[in-house]
1. Give 41, 18, 9, 32 a once-over and let me know the one that is farther than 29 Å from residue 106 by Cβ, of a type in the set (Asp, Glu) and assigned to a helix (DSSP H, G or I).
2. Just give me the residues in segment 156-169 being touching a strand residue (DSSP E or B) at 6+ places or on another chain (Cβ under 8 Å) and either modelled with pLDDT under 95 or not hydrophobic (A, V, I, L, M, F, W, C) (or both), in sequence order.
3. Among helices (runs of 4 or more DSSP H) lying entirely in segment 47-120, which contain 2 or more residues that are small (Gly, Ala, Ser) and closer than 24 Å to residue 159 by Cα?
4. Test residue 86 against the stated conditions and say whether it is within 24 Å of residue 28 (Cα to Cα), out of contact with any helix residue (DSSP H, G or I) (no Cβ under 7 Å at 6 or more places or on another chain), in contact (Cβ under 8 Å) with a residue 40 or more places away in the chain and open to solvent by 30 Å² or more (accessible area, probe 1.4 Å).
5. Criterion first (open to solvent by 10 Å² or more (accessible area, probe 1.4 Å), small (Gly, Ala, Ser), out of contact with any His (no Cβ under 7 Å at 6 or more places or on another chain) and without any contact (Cβ under 8 Å) to a residue 12 or more places away in the chain) does residue 59 satisfy it?
6. Based on what the data block shows, is residue 208 open to solvent by 30 Å² or more (accessible area, probe 1.4 Å), among the charged types (D, E, K, R), closer than 28 Å to residue 60 by Cα and out of contact with any His (no Cβ under 9 Å at 6 or more places or on another chain)?
7. When you scan segment 106-127, do you find a residue that is within 15 Å of residue 14 (Cβ to Cβ) and either loosely packed, with under 14 Cβ neighbours inside 10 Å or modelled with pLDDT under 95 (or both), even just one?
8. Go through 131, 202, 216 for me and flag whichever is aliphatic (A, V, I, L, M), modelled with pLDDT of 95 or more, open to solvent by less than 70 Å² (accessible area, probe 1.4 Å) and touching a Gly at 6+ places or on another chain (Cβ under 8 Å).
Amino acid sequence: MRLALFDLDNTLLGGDSDHAWGDYLCERGILDPVAYKDRNDAFYQDYLNGTLDLQAYLAFSMEIFAATEPAQLDQWHREFMRDCVEALIQPKALALLQQHRDAGDHLVIITATNRFVTAPIARRLGVRTLLATECERDGERYTGRSTDIPCFREGKVTRLQRWMLENGYDLQDSYFYSDSLNDLPLLEQVTHPVAVDPDPKLKAEAERRGWPVISLRD
């Protein structure tokens, strides 16, 4: 079965779920609406610039997980889905996912954003296989730390290779859709790399290499 791989933030979604989650907690008064938002915005700009210190960002963004009961986190996330994520879901993205389902492909969302934030979004999009940055737990509680290889840059390739080995897939005739130059390591591995509403650096790289450039924005 052919693989169809999808980045999530600013690709399938018309925005960044990780950044939006932080903003949502600030808007609700759960996190400091000045100090946290300023750091959250700075980390997001680093991501866009390709200079993100991922470990520093994960320690910052996952601190709330350790400080909060899982049931409360889940409630906040349900409200986040209702209030924020639904508005980021793009009809053209849903149509693209359906196109690959109809072709008999195995759909995979592969994202640097952590599994807590993204698992409900993947379910909402009807994609069963999710490779994401993992959140460490101690029993039921989150520790506030990540675990395993972060699903970011070359880490996406490593995580995907391990998943394929465990599940009997390869990259023959595969697709990967992404908006970000951070995903260049994986885009270079697949048969059909596609730049989706790309950042300027990825757009230039896609044009140089003759890769398709598409938009899922309405």
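The values are calculated or read from the model by the stated rules, or taken from the named source; none is laboratory data. This structure is a prediction, so every number in the text was calculated from the model and none was measured. Here the Cβ is made from the backbone with ideal geometry for all residues, glycine too, and neighbour counts use every protein chain on show. These accessible areas exclude ligands, DNA and RNA; they are computed on the full protein's heavy atoms, side chains included. Shrake-Rupley method; radii C 1.70, N 1.55, O 1.52, S 1.80 Å.
1. Numbers: 18 fails: farther than 29 Å from residue 106 by Cβ; 9 fails: farther than 29 Å from residue 106 by Cβ; 32 fails: assigned to a helix (DSSP H, G or I).
Within the list 41, 18, 9, 32, the selection yields 41.
2. Of everything in segment 156-169, those that are touching a strand residue (DSSP E or B) at 6+ places or on another chain (Cβ under 8 Å) and either modelled with pLDDT under 95 or not hydrophobic (A, V, I, L, M, F, W, C) (or both) turn out to be 156, 159, 169.
3. Numbers: elements: 54-61, 63-66, 70-80, 91-102.
The helices (runs of 4 or more DSSP H) meeting that bar are 54-61.
4. On the way: within 24 Å of residue 28 (Cα to Cα): yes; out of contact with any helix residue (DSSP H, G or I) (no Cβ under 7 Å at 6 or more places or on another chain): yes; in contact (Cβ under 8 Å) with a residue 40 or more places away in the chain: no; open to solvent by 30 Å² or more (accessible area, probe 1.4 Å): yes.
Answer is no for this residue.
5. Numbers: open to solvent by 10 Å² or more (accessible area, probe 1.4 Å): yes; small (Gly, Ala, Ser): yes; out of contact with any His (no Cβ under 7 Å at 6 or more places or on another chain): yes; without any contact (Cβ under 8 Å) to a residue 12 or more places away in the chain: no.
Taking the combined requirement at face value, the residue does not satisfy it.
6. Numbers: open to solvent by 30 Å² or more (accessible area, probe 1.4 Å): yes; among the charged types (D, E, K, R): yes; closer than 28 Å to residue 60 by Cα: no; out of contact with any His (no Cβ under 9 Å at 6 or more places or on another chain): yes.
The answer is no for residue 208.
7. Looking for residues that are within 15 Å of residue 14 (Cβ to Cβ) and either loosely packed, with under 14 Cβ neighbours inside 10 Å or modelled with pLDDT under 95 (or both), one finds at least one in segment 106-127, hence yes.
8. Details: 131 fails: touching a Gly at 6+ places or on another chain (Cβ under 8 Å); 202 fails: touching a Gly at 6+ places or on another chain (Cβ under 8 Å).
Residue meeting the stated conditions: 216.
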